[in-house]
1. Could you check Ser48 against (1) under 16 Å from Gly113 (Cα atoms); (2) among the polar types (S, T, N, Q); (3) crowded, with 17+ Cβ neighbours inside 10 Å and say which number it fails?
2. Does Asp19 meet the test of being in a strand (DSSP E or B) and closer than 26 Å to Gly125 by Cβ?
3. Could you pull out the residue among Glu7, Glu18, Glu57 that is at pLDDT below 95 and within 13 Å of the chain's Cα centre (by Cα)?
4. Go through the residues of segment 81-102 one by one and say whether even a single one is loosely packed, with under 15 Cβ neighbours inside 10 Å, among the charged types (D, E, K, R), at pLDDT 95 or above and not in a loop (DSSP other than H, G, I, E, B).
5. Would you check if there is a residue in segment 88-98 being over 24 Å from Asp19 (Cβ atoms) and out of contact with any Asp or Glu (no Cβ under 8 Å at 6 or more places or on another chain)?
Amino acid sequence: MGDVNTEQSAGDATGDHEDRPWGSWHVVELGDGYKVKRILVAPHQRLSYQTHEHRSEHWVVVRGTATCLIEGETVVVRPGESVDVGVKHAHRIANEHDDELVIIEVQRGPYLGEDDIVRLEDDYGRDSASASAAQ
């Protein structure tokens, strides 16, 4: 798998929180090989279409409806439903509705830093070089 950067960055501690153009995320729990986040996506906003080199993600919708794009396939996920994103799979979460979308995201992998993002498309003009400014 190669060497992985082990420096601590934003999102590396329980309680870390960051606002994003599309909403915000909050680290709920962090352990060896996993991280749990609460992701809030504002109405009519979406995250970048992206991949991760070192982690998989499991999304559970708790409020709202998520329109997820995973490897080019659209999946609609409602409260109580979930979807899995494999390592290196292209993915995006979108909120196409008028109400806030709340997702619990479980990340698993050997490296969970916020800089493990390769952006393929982004509505806000961010690129992979600014990945530490996040999803």
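1. Unmet condition: (1).
2. So Asp19 passes the test.
3. Within the list Glu7, Glu18, Glu57, the selection yields Glu18.
4. Checked against the condition, which is being loosely packed, with under 15 Cβ neighbours inside 10 Å, among the charged types (D, E, K, R), at pLDDT 95 or above and not in a loop (DSSP other than H, G, I, E, B), segment 81-102 yields at least one hit.
5. No, segment 88-98 has no match at all.
The values are calculated or read from the model by the stated rules, or taken from the named source; none is laboratory data. Predicted model, so just to flag it, every value in this text is computed and none were measured. FYI the Cβ positions are ideal-geometry reconstructions off the backbone, even for glycines, and counts take in every protein chain you see.
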